[in-house]
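Worksheet: the structure to be examined is printed underneath.
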Amino acid sequence: MQNVLERKSIKNIDFNCDLAQSFGIYKNSTESRLLDYVSSVNISCGFHAGDPLTIKEALLNAKSKNIVIGAHIGFDDIQGFGYRRMDLAPDELEALVMYQVGALMTFAKAYHMEIEHVRPHGAMYRQAAEDIETSRTIAKAIKKCSKWLIYYGATGENLAQIGAEEDIQVAHEVHLEKIYDRNGNIDFSARDLENTQISIQRLKDLLQNSQVTNNEGGKTIVRADSIHFSNKLANAKELIMQARELVEPLPYNYMNAQKSGWVE
């Protein structure tokens, strides 16, 4: 179904990054460097990362900068920071998702905030991208928490299908450093790019034509609602600063409001 997508320019897109990627003595001292450049953040919920104080600080930092917040859910794997695959029964995965989303929703309300989206992390993100039934279970769990939440996932036909079948809002996420195959799916076995010039050219292609360069040397049209900027990249701040010079990021819900005519 990827080949029926239209090649079109993208006027507005969300920029997101992760927060509260720490736990106890394991601190991420660089994650806040992207906060001034994103329109939404994904806050860890205490399973793959994030202790209560770190989560509180992340919420208040996002609130002070008026940035949209979402729940960053992952497998219960603190030692591996959520990058180790876990094959869970659907009811166990559903409970895992609901527990994390519910915890952050309640925490946020204590500070008069609302979460707007849910984004899987690490191994859960990859598993959802590659296995449609995993993605379906995550979507159903998100809906049980709130039918208004947006499910952020790797762009692709799996996410589009789940959005339609489960009647849930989905945001198709693109990574400027990831390698894509000819069908527009992430090649998770490939090494990430850390070349700012190449990544910015990829952003230009995305904004102008809704295309990403694929691993066969061609270009593939993809859906793109959000771009994820990873703090793991050495050039993360340089990349997002240059990206901001090309496009002003807007939160997903704000873009929907624009399309509906509620805001101009």
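Given H placed on each backbone N at 1.01 Å, which residues far from residue 18 in sequence or on other chains put an amide H within less than 5 Å of it?
42, 231
Percent relative contact order of region 82-195, based on C-alpha pairs within less than 8 angstrom and at least six residues apart?
Details: 155 pairs, mean separation 24.8, N = 114.
Taking the mean separation of contacting Cα pairs over the length of region 82-195, I get 22 percent.
How high is the FRET efficiency from residue 201 to residue 157, r the C-beta distance, R0 35 Å, rounded to 0.05?
After rounding, the FRET efficiency stands at 0.85.
About the Cα centre, and with charges only on the beta carbon of Lys, Arg (+1) and Asp, Glu (-1), how big is the dipole of region 196-248? Nearest 20 debye, please.
The calculation lands at about 100 debye.
What number, in percent, do you get for the relative contact order of the chain if the mean sequence gap of Cα pairs under 8 Å and at least 6 apart is divided by its residue count? Let's see the in-between values first.
Details: 520 pairs, mean separation 60.0, N = 264.
Across the chain, relative contact order equals 23 percent.
What is the sum of charges, Lys and Arg at +1 and Asp and Glu at -1, for the other residues whose Cβ falls under 11 Å from the Cβ of residue 195?
Charge balance in the 11 Å sphere: -3.
Test of understanding: given the chain, find the longest segment containing no chymotrypsin sites (Phe, Trp or Tyr not before Pro) that are in a DSSP loop and have at most 16 other Cβ atoms within 10 Å.
1-82
Using modelled backbone amide H atoms (1.01 Å from N, in-plane), which distant-in-sequence or interchain residues come within less than 5 Å of residue 156's amide H?
Amide H neighbours of residue 156, under 5 Å, 5+ apart: 223.
Give me the dipole magnitude in Debye, nearest 20, for the chain about the Cα centre, with unit charges on the beta carbon: positive for Lys and Arg, negative for Asp and Glu.
Numbers: 29 positive and 35 negative charges, 109 e Å.
In debye, rounded to 20, the chain gives about 520.
Give me a comma-separated list of calculated 3J(HN,Hα) values for region 235-241, in order, Karplus coefficients 6.51, -1.76, 1.60 applied at θ = phi - 60°, integers in Hz, x for any Gly or Pro.
So the Karplus estimates, Gly and Pro as x, are 9, 4, 5, 4, 5, 6, 5 Hz.
Just check the chain against the gyration tensor rule for me: Cα atoms, a ≥ b ≥ c as the square roots of the eigenvalues, rounded for a/c under 1.5, and otherwise prolate or oblate depending on whether a/b exceeds b/c.
Judged from the Cα gyration tensor, the chain comes out rounded (a/c under 1.5).
Grab the Cα-Cα distance for residue 241 and residue 165, subtract it from 0.36 nm times how many residues apart they are, and report the gain in nm with one decimal.
23.6 nm
What is region 35-79's relative contact order, in percent, from Cα pairs under 8 angstrom and six or more apart in sequence? Walk me through the numbers on the way to the answer.
Working: 55 pairs, mean separation 23.9, N = 45.
With pairs under 8 Å counted, the relative contact order is 53 percent.
Taking amide H atoms as placed 1.01 Å from N in the peptide plane, list the residues 5 or more away in sequence, or in a different chain, whose amide H sits under 5 Å from that of residue 172.
225, 226
Residue farthest toward the positive end of the dipole of region 113-196, with Cβ of Lys/Arg at +1 and Asp/Glu at -1: which of 124, 193, 154?
So the residue we want is 124.
HN-Hα J couplings of region 108-121 from phi, Karplus 6.51/-1.76/1.60, θ = phi - 60°, integer Hz, Gly and Pro as x?
5, 4, 4, 10, 6, 10, 10, 7, 10, 8, 9, 10, x, 10
I need the peptides 201-208, 219-226, 171-178 ranked by packing, meaning the mean over residues of other C-beta atoms within 10 angstrom, with the highest value on top. Could you put the intermediate results ahead of the total?
Details: 201-208: 17.2, 219-226: 20.4, 171-178: 22.5.
Highest to lowest by the protection proxy: 171-178, 219-226, 201-208.
Nearest 20 debye, what's the magnitude of the dipole of region 83-240 about its Cα centre given +1 on Lys and Arg Cβ and -1 on Asp and Glu Cβ?
380 debye
Applying the Karplus parametrisation 6.51 cos²θ - 1.76 cosθ + 1.60 with θ = phi - 60° to the phi angles of region 169-174, what ³J(HN,Hα) value in whole Hz is obtained for each residue in order, glycine and proline being reported as x?
Those phi angles translate into 5, 10, 10, 7, 9, 10 Hz.
At 1.4 Å probe radius, can you tell me the per residue accessible area of the chain in Å²?
About 48 Å² of surface per residue is accessible.
The values are calculated or read from the model by the stated rules, or taken from the named source; none is laboratory data. Keep in mind the model is a prediction, meaning the values are calculated, not measured. For neighbour counting, all protein chains shown are included, and Cβ atoms are generated from backbone atoms with ideal geometry for every residue, glycine included. Heavy atoms of the whole protein, side chains included, go into the accessibility calculation; ligands, DNA and RNA do not. Shrake-Rupley method; radii C 1.70, N 1.55, O 1.52, S 1.80 Å.
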